[in-house]
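Just so you know, all these numbers are worked out from the coordinates, no wet-lab data involved. It should be emphasised that the depicted structure is a prediction, and the values quoted were computed from it without experimental measurement. Virtual Cβ from ideal backbone geometry, glycine too; neighbours counted across all protein chains shown.
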Amino acid sequence: MGIDGGAWLSAQGYQQTRTELERLLRSHRSDRVRLDVDDDAAARHRWRGRRIRHLQELLLGATVGTAPADDGIAEPGMVLTVRIDDAPQTETFLLAESNVPAPSEIEVSSPASPIGRAVLGARDGDTRTCRLPDGHTISITLLAARPYGHDVAVLDRTGAAEG
């Protein structure tokens, strides 16, 4: 969820989502003719209809590109650097909707994912536990939470500041 309760999308993600929605709407309108004779076409049409509704709802409630406060709290729109268990390397990802297009330069984790739910609301330095779908439990330490798009020091995979 974004700052106002909707999903957070980068400006690029918003535009890509609109483009996908427009493409799906054109395709959805044009394939109605033969749905009664082709089960595969009918299934694709139903899937497309669900995806269209999802994208419409997403775009209506989205917070677009507005950076959250630079307060070190993990929330949608923040780039998070975490350490999982006691691993020497760190992981960095954008906390945002993962089922929409996102910038290719960074991994995306949804706030609804197990890791996203675990870190949501964490502050720099907090350690949380996370139960993975396979039943394993891991600990996640939030090393840094910075608004997406801000020029901040990037942590290398060991957790040291680069540059």
20 °C / 1.002 mPa s Stokes-Einstein diffusion coefficient of segment 8-64, Kirkwood radius on C-alpha pairs, µm²/s: 176
Derived scalar couplings ³J(HN,Hα) [segment 127-137; Karplus, 6.51 cos²θ - 1.76 cosθ + 1.60; whole Hz; x for Gly, Pro]: 10, 10, 9, 9, 8, 7, x, 7, x, 5, 10
Segment 78-147: relative contact order in percent, alpha carbon pairs under 8 Å with at least 6 residues between: 36
Formal net charge of residues neighbouring R128 (Cβ-Cβ distance under 13 Å; K, R +1; D, E -1): +1
Cβ-placed point charges (K, R +1; D, E -1), dipole of segment 78-147 about Cα centre in debye, nearest 20: 220
R131/D71 FRET efficiency (R0 35 Å; Cβ-Cβ; nearest 0.05): 0.80
Charge dipole (debye, nearest 20) of segment 8-64; +1 at Cβ of Lys and Arg, -1 at Cβ of Asp and Glu: 120
Mean Cβ count within 10 Å, highest first, over the residues of peptides 85-92, 135-142, 72-79, 58-65: 72-79, 58-65, 135-142, 85-92
